[in-house]
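Single-structure report; data block below.
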Amino acid sequence: MATVIVVTSGKGGVGKTTTSASFATGLAQRGYRTVVIDFDVGLRNLDLIMGCERRVVYDFVNVINNEANLNQSLIRDKRVENLYILPASQTRDKEALTKEGVERVLGELKQGFDYIVCDSPAGIERGALMALYFADEALVVTNPEVSSVRDSDRILGILASRSRRAEQGENPVKEHLVLARYAPERADRGDMLSVDDVLEILGIPLLGVIPESSTVLQSSNAGVPVILEDSSEAGIAYNDLVDRFLGKTLPHRFTSVQKKGFLKRLFGGG
Amino acid sequence: MRGLFEKFFSQPPSKSAALAKERLQIIVAHERGGRRSSPDYLPALKKELLEVVRKYVPIDQSQVKVHLDREGGYEILELNITLPDEEQRQIPARQNSSASA
């Protein structure tokens, strides 16, 4: 039976799509049949981050409206086997996402996939609510910054009250924290909320810390999920995150300042 | 020159992260308003309400809303049941009566 995972945050620009793309890619690389769905109707971007924007023919809303079937709409990733993308519609409005329609499409996808990753739009409107409604697990992406942490807490409240699992009185959605854009040297200086601070406030288990890294922008420029840059810090962090999700126990990296030598301290760099 | 100076003599830790944490703890606790400790009987209550109302009026799950709010020292349990409009309710009843006639 497929597992539905929502990648959500409340606030925009914290790394949801980056995380969705890398997480889905990582699951597929490890042999699981994985589909990643863009729920941001009207503002699709997952296709760009995955580098398949020129291969979009039909989209999620077309499938919901029975204007196309899944085989016509799913885009098979050219780099990683077992990985498919279902893009959002760029022209419709969010009302096109009906609960019945989303449920039907997820039901069909569950027949053929192990993991269904739902990339949520920002906010708490219909797109975001639909992305999380059917979720079994949630990756809550947070930056170490006040507005992001507050919005994440709000999303946790919505997961606990307005998801299908909550409404049906089933086991709650399993929550995981992804702390992105983390800069340990700034946290050490007391300029940035630390990993422990955020954990203390949100109170959910930490799945991974993604360090602030220029590679993230470079890989989105190129349309390559950053997890494929597997020698970069962000790539390593996402690989660890996927392994942890699949049950491995791994220490968290990039959470403390790397010791710099005297010359590096003198001349900077790194 | 300033940059070089700072690299050797790291500045005293600023307090902004501590301030952020303190502000967040207060606002988050306030906004949670007891959500984390909200009673877990709410889904069951909703389900039973739905069953009772259905004995008399055909409604579906989305038409029952149960909401718990806290204000000051009070807890407010808000029940909102939307009944279908008169017409929709009448149709099955009429069919029944015509069938028995």
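The values are calculated or read from the model by the stated rules, or taken from the named source; none is laboratory data. A quick note: this is a predicted structure, and the numbers were derived from the prediction, not measured. Glycine also receives a Cβ, built like all others from the backbone with ideal geometry; neighbour counts cover every protein chain displayed. All accessible areas refer to the heavy atoms of the entire protein, side chains included, with ligands and DNA or RNA removed. Shrake-Rupley method; radii C 1.70, N 1.55, O 1.52, S 1.80 Å.
Taking the Cα centre of the range A:148-266 as reference, the dipole from Cβ charges on Lys and Arg (+1) and Asp and Glu (-1) amounts to some 140 debye.
Charge tally around A:N171: other residues with Cβ under 10 Å, Lys/Arg +1 each, Asp/Glu -1 each, net 0. With contributions of -39500 (n - 2.57) from each DSSP H run of at least four residues, the per-residue ellipticity at 222 nm computed over the protein assembly as shown stands at -13000 deg cm²/dmol.
Of the GluC sites (Glu not before Pro) found in the range A:1-89, those that fall in a DSSP loop while having at most 12 other beta-carbon atoms within 10 Å are A:E67, A:E81. Rounded to whole Å, give me the distance from the Cα center of the range A:138-166 to that of the range A:97-120. Using only Cα atoms to place each centre, the spacing works out to 21 Å. For chain A, take the longest principal axis of its alpha carbons; what is the angle in degrees between that and the long axis of helix A:16-29, to the nearest 10 within 0 to 90? So the helix axis and the longest Cα principal axis differ by about 80 degrees.
Of the residues A:S232, B:L77, A:V105, the one whose Cα sits farthest towards the positive end of the charge dipole of the protein assembly as shown is A:S232 (charges of +1 on Lys and Arg Cβ, -1 on Asp and Glu Cβ, taken about the Cα centre). Compared with the dominant principal axis of the Cα atoms in chain A, helix A:233-245 is inclined by about 60°. Beta-bridge orientation, chain A: approximately 5 percent antiparallel, per DSSP, counting only bridges with both partners inside. When only Cα pairs below 8 angstrom with a gap of at least 6 residues are kept, the range A:1-103 shows a relative contact order of 30 percent. When +1 charges are put on Lys and Arg Cβ atoms and -1 charges on Asp and Glu Cβ atoms, the dipole computed for the range A:1-50 relative to its Cα centre reaches about 140 debye. Counting only DSSP beta bridges whose two residues both lie in the range A:16-167, roughly 20 percent are antiparallel.
When only Cα pairs below 8 angstrom with a gap of at least 6 residues are kept, chain A shows a relative contact order of 23 percent. Sorting B:K46, B:K65 by solvent-accessible area of protein heavy atoms yields B:K65, B:K46, largest first, with a 1.4 Å probe. Averaged over the residues of peptide A:136-148, the number of Cβ atoms from other protein chains lying within 10 Å of each residue's Cβ is 1.
The A-B contact accounts for roughly 2000 square angstrom of buried accessible surface, both chains included, probe 1.4 angstrom. Ranked by the mean number of other Cβ atoms within 10 Å of their residues, highest first, the peptides A:199-207, A:123-131, B:24-32 fall in the order A:123-131, A:199-207, B:24-32. With axes computed from alpha carbons, what is the tilt in degrees of helix A:146-162 against the longest principal axis of chain A, rounded to the nearest 10 within 0 to 90? Helix A:146-162 sits roughly 40 degrees off the main axis of chain A. Each part reduced to its alpha carbon centroid, the range A:209-234 and the range A:28-83 end up 21 Å apart.
Summary value for the range A:99-171: 25 percent relative contact order, contacts being C-alpha pairs under 8 angstrom separated by 6+ residues. Across the range B:46-60, computed HN-Hα scalar couplings (Karplus, 6.51 cos²θ - 1.76 cosθ + 1.60, θ = phi - 60°) run 4, 5, 5, 4, 4, 5, 5, 5, 5, 4, 10, 9, x, 10, 10 Hz from first to last residue, x flagging Gly and Pro.
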